[in-house]
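In what follows, a single structure is set out as structure tokens and then discussed.
A short reminder: the numbers here are calculations on the coordinates, not readings from a lab. As the structure is a computational prediction, the values presented were derived from the model and not from experiment. Please note: Cβ atoms are built from the backbone with ideal geometry, for glycine as well, and neighbour counts cover all protein chains shown.
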Amino acid sequence: MDARLFSSSLRARATEDADADYRIFVDRLKNSPQMQKIANSPEAMAALMEMAKILQGAGINMNRKPSMFEMMKLASNTEFRAAANKVVEEFKKAGVELNSESMMQMFGNKPLTGPKE
């Protein structure tokens, strides 16, 4: 009988620093002027909800960054592209421009890392 080798690795655990950074990021995002504009626009919120529904329908886990394969899959999805264009359109109507300056204001200088799982 052939012997098989098995290998395992430890699961990455969240650290207090990563969780604290994530909470700071979320608080900063919630309190940004851009998010207030989006929250005050029912059309922008509806566009975001529609996009979230499409993402879930495509099997995208919204609790983590999508993989390169998932992004390629979305790029070829006409329904997703239409929803993304609608989000951009409704953001503009709400007074939120999606450019690097406004994104830096909204997200701050720290990248989105999220708590580790």
Given a Förster distance of 35 angstrom, what is the FRET efficiency for E97 paired with A75, based on the Cβ-Cβ distance and rounded to 0.05? 0.95
Tell me the label-point distance for the pair E50, V26, using the 7 Å Cα-to-Cβ offset, in nm and rounded to one decimal. 2.8
Provide the gained length on full extension for the span N61 to E43, in nm with one decimal, where the gain is 0.36 nm per separating residue minus the Cα-Cα distance. 4.1 nm
